[in-house]
Amino acid sequence: MDSNTMAEMDQQARTEGGTFATAILCMDGRIQHPVSVWVKEYFHVNYVDMITLPGADGVLALGPIGRIHWIRESATLSVEAHHSRAIAVVGHHDCAGNLVSKDVHLEHIARSVKRVASWGLPVRILGLWLNEHGKTEVICDLTKREGPESIS
């Protein structure tokens, strides 16, 4: 997508009520607000569409496939309906839905970002870690790639 098309989409989004990004993250209520604030500031958007489920990074990395498809449908809706300009996949410290070490979380986040990139959505994709101090760390950052390897 060229810069003129992105500018047109941004203008349309503003006219329709604001700009959006999307976060795919755990349902854990402790992380919702800090992630929303960070994503709004980092991407300069008004709103964040939140796609939540327990241990989202682990689900995207490992399945089950039905939940991955649900996440994909939700993310696609966010991009198409709200012209979301970015998707952040978030893992966090002390996750009850994905009981693994930080190192494994980071692997899940990286794999999840690759999976989301394989969907071919015209957005920037970030992998984020919310650490034990509530601070957001960027784990990986992908811009839209041409012809990404498919990972359903």
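Each value in this text was obtained by applying a stated rule to the coordinates, not by laboratory testing. Everything numeric here is computed off the predicted structure, so don't read it as measured data. Cβ: placed from backbone, ideal geometry, glycine included. Neighbour counts: every protein chain shown.
What to note about this one:
- Footprinting exposure proxy ranking of Arg124, Arg72, fewest other C-beta atoms within 10 angstrom first, gives Arg124, Arg72.
- By DSSP, the beta bridges lying fully in segment 20-142 are antiparallel in about 25 percent of cases.
- Counted by neighbouring Cβ atoms within 10 Å, the residues His92, His82 run from fewest to most as His82, His92.
- Potential extension, His44-Asn131 segment - 0.36 nm per residue separation minus Cα distance: 29.1 nm
- Three-way shape label, segment 20-142, alpha-carbon gyration tensor, a/c 1.5: oblate
- Placing pseudo-labels 7 Å out from each Cα toward the beta carbon at Met27 and Arg67 gives an inter-label distance of 1.0 nm.
- For segment 78-90, Karplus couplings with θ = phi - 60° (6.51, -1.76, 1.60), whole Hz, Gly/Pro x: 4, 5, 6, 7, 9, 6, 3, 9, 7, 10, 10, 9, 10
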